[in-house]
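S.K.: Sharing a structure here in structure tokens format.
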Amino acid sequence: MMVTEEMKEAGSQMASDLVHARVSFNMGGLGGSKSWEEFESSHSGKNMDLIKQYVHGEIDSVTAIYIAMHRESIASNK
């Protein structure tokens, strides 16, 4: 499988989302961060299932990024 620019962007966006989600989940709004509820309501919804699994410790970041990139690959080939 060749990695496309769209897949790279999806992976980069997922990595960023995971960092923001973890801070929101763990900090609960302290230090000016968004609370988990604020993060959830402001997120576009794309790959939110992966983000929730990550913050609850069900999958690791590498798995979430890989799946997001794979989903983008499938979406790009339709």
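S.K.: Mind checking which pairs have a first residue in the stretch 20-43 that is over 13 Å from His56 (Cα atoms) and a second that is open to solvent by 70 Å² or more (accessible area, probe 1.4 Å) and not in a loop (DSSP other than H, G, I, E, B), Cβ under 6 Å, 6 or more apart or different chains?
M.R.: From the stretch 20-43, the pairs are Ser33/Met27.
S.K.: Looking only at the stretch 49-78, which residues are over 11 Å from the mean Cα position of the chain (by Cα) and within 13 Å of Ala10 (Cα to Cα)?
M.R.: Within the stretch 49-78, His70, Arg71, Glu72, Ser73, Ile74, Ala75, Ser76 meet the criteria.
S.K.: While we're here: Which one of these does Glu72 not meet: (1) assigned to a loop (DSSP other than H, G, I, E, B); (2) buried (at least 18 other Cβ atoms within 10 Å of the Cβ)?
M.R.: Unmet condition: (1).
The values are calculated or read from the model by the stated rules, or taken from the named source; none is laboratory data. Please read all numbers here as calculations on a predicted model, not as lab measurements. Virtual Cβ from ideal backbone geometry, glycine too; neighbours counted across all protein chains shown. Heavy atoms of the whole protein, side chains included, go into the accessibility calculation; ligands, DNA and RNA do not. Shrake-Rupley method; radii C 1.70, N 1.55, O 1.52, S 1.80 Å.
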